[in-house]
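Below: the structure, in structure tokens.
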């Protein structure tokens, strides 16, 4: 961490503006469109215990973040955690921010009784594949299918 001031927080009800900055930063890093999310939508999302959002901050500036969703299992009374996004601003990449975010999420999940986390990565995203391998992740031979919204 270049400035040495990095801290991370799990967002909860009341962290609307940090969440808005986090979600916007993630879309920017991924070069994706980002709708303006209503206050009510963000508030509902942050109120969900099954939703995880951890923001990495340098002072008050969001420099990275991770989002995940708890998935209850049907074969046992347990849950798994689906990591949806991990993003770090380009000027803070390769400084351990992403590693710290994944590590913190793993610790929080373990404290909540969640033993398994998984994350999809595009096969052509070499950076992401290398990152998850470096963290000790094991690749699974899985193909995700996407279903677009039907139009009539």
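Here the label points at residue 124 and residue 27, each 7 Å from Cα along the C-beta direction, are separated by 2.4 nm in the simple model. Sorting 5, 152 by the number of Cβ atoms found within 10 Å of their own Cβ, with the fewest placed first, yields 152, 5. Ranked by the mean number of other Cβ atoms within 10 Å of their residues, highest first, the peptides 103-110, 27-34, 71-78 come out as 103-110, 27-34, 71-78. Centre-to-centre separation between the Cα atoms of the range 58-93 and those of the range 1-48: 11 Å. Estimated purely from DSSP H runs of n ≥ 4, each contributing -39500 (n - 2.57), the mean residue ellipticity at 222 nm for the chain is -9500 deg cm²/dmol once divided by its residues. Full extension of the chain between residue 70 and residue 152 gives 26.2 nm of extra length, using 0.36 nm per residue less the Cα-Cα distance. The order of the peptides 139-146, 86-93, 62-69, 112-119 by mean Cβ neighbours within 10 Å, most packed first, is 62-69, 86-93, 112-119, 139-146.
Can you tell me how the chain classifies by the Cα gyration tensor, rounded, prolate or oblate, using a/c under 1.5 as the rounded cut? Rounded is the answer for the chain, as its axis ratio a/c remains below 1.5. By the equivalent-ellipsoid construction on the alpha carbon gyration tensor, the range 1-79 comes out with semi-axes of 24, 16, 13 Å, ordered largest to smallest.
Readers should treat all values here as calculations from the given coordinates under stated rules, not as data from a laboratory. Since the structure is predicted, the reported quantities are computational estimates derived from the model, not experimental observations. Cβ coordinates were reconstructed from backbone atoms using ideal geometry, including for glycine residues, and neighbour counts include every protein chain displayed.
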